[in-house]
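*Asks:* Below is one structure. I have some questions about it.
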Amino acid sequence: ASDPDARHGPYFEWGHMKGGKLVHRTVSPEQAAILEIAIANHRKAKKLMQDWEQETERLLDAQAPRKP
């Protein structure tokens, strides 16, 4: 416990789906920092796409011909 070279962690792991299976990969602290940014960007892009889909559906519904 007193040897700094023998201490544990922190360990960084990236879990993601690959071929329908969840895989984990150990990454360096530098890679973890890059992945953190990439994951945040992916979440923002996904949210923007969901918003776009909802707005497109709303516009299509507004232009749909009304049934008598």
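The values are calculated or read from the model by the stated rules, or taken from the named source; none is laboratory data. Nothing here was measured: the structure is a model prediction, and the numbers come from that model. Because the Cβ atoms are built from the backbone with ideal geometry, glycine has one as well, and the counts that use them run over all protein chains shown. Heavy atoms of the whole protein, side chains included, go into the accessibility calculation; ligands, DNA and RNA do not. Shrake-Rupley method; radii C 1.70, N 1.55, O 1.52, S 1.80 Å.
*Asks:* Can you spot a residue in segment 24-36 that is touching a residue at least 12 places away in the same chain (Cβ under 8 Å) and either in contact with a Cys (Cβ under 6 Å, 6 or more places away or on another chain) or assigned to a loop (DSSP other than H, G, I, E, B) (or both)?
*Replies:* yes
*Asks:* Still on this structure, I have one more. Restrict the check to segment 2-24 and report whether at least one residue is open to solvent by less than 90 Å² (accessible area, probe 1.4 Å) and in contact with a Gly (Cβ under 8 Å, 6 or more places away or on another chain).
*Replies:* yes
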